[in-house]
Amino acid sequence: MPSFIRHPKDFWTGIIFLFFGLAAIIIGLDYPMGSAGRMGPAYFPVVLGALLSLVGLVGVIRSFVRNGEAIGRFHIKELVLVLVAVLLFGFLMRKAGLVPAVLVLVLMAAYASPKFTWKANIVLAVGLAAFAVLMFVKLLGLPMPILGPWFGN
């Protein structure tokens, strides 16, 4: 890392924010903007992208002024576990239903933590599955299966 970057974490965080903010602006410009009183489909993503880019720019500038620690180890295994958990959730929602999808999501994502314990995370997964069923299926009435076709429903 060049010596003029004194806080690498702020620098890379700022770069990521700038990237996503500018991407939202560029994608949003393909749609009509509208005005603050009558917003078009581009208004929200462009304004949000501009604010995100501004935060990113502040982070990059701050990385040149403020001292900070170097970037530590990149946690590939943990990143892959969480990503696969989210992808499995999307796949399992259609085939297995809400409860199995939530259980797999919570347990796989929690397994990425060095503080993972089976007992605590099974309790958490069951509690979150019950909360999801109560909130989304019962209270909001969303048409998602509690148990899917794999379980005979």
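The values are calculated or read from the model by the stated rules, or taken from the named source; none is laboratory data. Since this is a predicted model, take the numbers as computed values, not measurements. Heads up, the Cβs are rebuilt from the backbone with ideal geometry, glycines too, and the neighbour counts pull from every protein chain shown.
The figures follow:
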{"item": "Where a residue in segment 37-56 is farther than 14 Å from residue 17 by Cα and aliphatic (A, V, I, L, M) and its partner, wherever it lies, is outside any loop (DSSP other than H, G, I, E, B) and modelled with pLDDT under 90, with Cβ under 8 Å and at least six apart", "result": "42/34"}
{"item": "Any hit, segment 61-72, residues being in a loop (DSSP other than H, G, I, E, B), free of Cβ contacts under 8 Å to residues at least 60 places away in the same chain, hydrophobic (A, V, I, L, M, F, W, C) and in contact with a Gly (Cβ under 9 Å, 6 or more places away or on another chain)", "result": "no"}
{"item": "From the options 115, 138, residue that is among the basic types (Lys, Arg), in the same structural domain as residue 95 (by TED's automatic domain parsing), part of a loop (DSSP other than H, G, I, E, B) and exposed (fewer than 15 other Cβ atoms within 10 Å of the Cβ)", "result": "115"}
{"item": "Residue 47 being of a type outside the set (S, T, N, Q), assigned to a helix (DSSP H, G or I) and more than 30 Å from residue 4 (Cα to Cα)", "result": "yes"}
{"item": "Top-ranked residue in segment 1-54 [being among the polar types (S, T, N, Q) and at pLDDT 90 or above; ranked as surrounded by the most Cβ atoms within 10 Å (Cβ to Cβ)]", "result": "53"}
